[in-house]
Amino acid sequence: MDPVIVKHGSSPIVLGFPHTGTYVPPEIEARLNDNGRLLADTDWYVDHLYDGLLDNATTVKATFHRYVIDANRDPSGVSLYPGQNTTGLVPKTDFDGEAIWNEGDEPLEADIATRLEAFHRPYHAALAAELERLRKEHGIAILYDCHSIRSHISFLFEGKLPDFNIGTNLGVTCAPEFEAAAENVVSLADGFTHAVNGRFKGGWTTRHYGKPETGIHAIQMELAQSTHLATEEPPFAYDGEKAEKLRVHLQDILERIERLSFSARM
């Protein structure tokens, strides 16, 4: 299976999906324990949530699961959130801090190096190529990095996560008007909560590519899975009614950012 699937679009916006993939090579799956094989930390149905919201958007999807290697982590292994609980480049635990590998089967440095070459680097090569293609075409490109996570995970954060979590690394990764456009939509979204640069300030992907001075902007949207799942436990069923209410606001965000991107290039 190819590690990345790209759909080429003409809009300045690229939708990144680093965590919707569920493919685990058999030789790696054999090393996962029963807990790991649940693949509980998948960004369940996030690609479905965004499907059709912006017809001309480019999409870049990782097909592999984050337990194989996390496409949203620094390839050097440096932590995104020093001093806070998080998971690494190749996670040793799930988001609850529970082991995902059989005893003695935890990935070694050689495993990580192999997975970097086979999965992580191809995904980012594709993502970088699409951003550069659109920057050359439009003079600007915007990476909108699509994520979701369970709304209650005491190992990672206290209490209930807001529904919409916008991350721009404290405003560094995109022009302020793009962050403001997203915040304006979610702040007016009836029945939803939001945070800007709260617990999730943007992962490695957002921080790596988001350099507004070069014409490439990046913003991460982390959604609480309670916004679109019937249950945040297996079988992680999709709730179409919830999802449609959410999609209205996601579409509004994307359309506003796209309009702003066309204005910015004038």
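Readers should treat all values here as calculations from the given coordinates under stated rules, not as data from a laboratory. This structure is a prediction, so every number in the text was calculated from the model and none was measured. All Cβ positions, even for glycine, are placed from backbone atoms using ideal geometry, and neighbour counts span all protein chains on display.
A few remarks follow.
- Whole-Hz Karplus values for segment 44-53 come out as 4, 6, 5, 5, 5, 4, 8, 4, x, 6 Hz, taken residue by residue from phi with 6.51 cos²θ - 1.76 cosθ + 1.60 and θ = phi - 60°; glycine and proline positions read x.
- Degrees separating the helix 240-264 axis from the principal Cα axis of the chain, which is the longest one: 50
- Amide proton proximity set for residue 143, modelled H, under 5 Å, gap of 5+: 14, 217, 218, 219
- Relative frequency of Cα-Cα separations exceeding 23 Å in the chain, percent: 50
- Cα extents of segment 155-266 along the three principal axes, largest first (Å): 45, 30, 22
- Shown in residue order for segment 101-111 are the 3J(HN,Hα) couplings computed by the Karplus curve 6.51 cos²θ - 1.76 cosθ + 1.60 at θ = phi - 60°: 10, 4, 4, x, 10, 4, x, 9, 4, 5, 4 Hz (x for Gly and Pro).
- Using alpha-carbon coordinates, inclination of helix 176-187 to the longest axis of the chain, degrees: 80
- Taking every DSSP beta bridge that has both ends in segment 4-264, the antiparallel portion is near 35%.
- Nonlocal amide H pairs with residue 238, under 5 Å, H built at 1.01 Å: 230
- In segment 4-264, lysine pairs closer than 29 Å at Cα, eight or more apart or cross-chain: 23
- Derived scalar couplings between HN and Hα for segment 139-144 equal x, 7, 9, 10, 8, 10 Hz in order, rounded to whole Hz, by the Karplus curve 6.51 cos²θ - 1.76 cosθ + 1.60 (θ = phi - 60°), x for Gly and Pro.
- Cα gyration tensor shape of segment 1-133, rounded if a/c is under 1.5, else prolate or oblate by comparing a/b with b/c: prolate
- Placing pseudo-labels 7 Å out from each Cα toward the beta carbon at residue 53 and residue 177 gives an inter-label distance of 2.1 nm.
- Value of Rg to Rh for segment 8-85, rounded to two decimals, is 1.04; Kirkwood radius and Rg both from alpha-carbon coordinates.
- Total formal charge among the other residues, if their Cβ is under 15 angstrom from that of residue 158, Lys/Arg +1 and Asp/Glu -1: +2
- Entry for segment 198-256 at q = 0.24 Å⁻¹: log10 I(q)/I(0) = -1.00, Debye formula applied to identical alpha-carbon scatterers, no solvent contribution.
- For segment 1-43: rounded, prolate or oblate by the Cα gyration tensor [a/c cutoff 1.5]: oblate
- Fully extended contour minus Cα-Cα distance, from residue 231 to residue 193, at 0.36 nm per residue: 11.8 nm
- Annotation: amide H of residue 58 within the under-5 Å range of 9, 11, 13, 15, sequence separation 5 or more or interchain, hydrogens built in the peptide plane.
- Per-residue ellipticity at 222 nm from helix content only, as computed over the chain with -39500 (n - 2.57) for each DSSP H run of at least four residues, stands at -9000 deg cm²/dmol.
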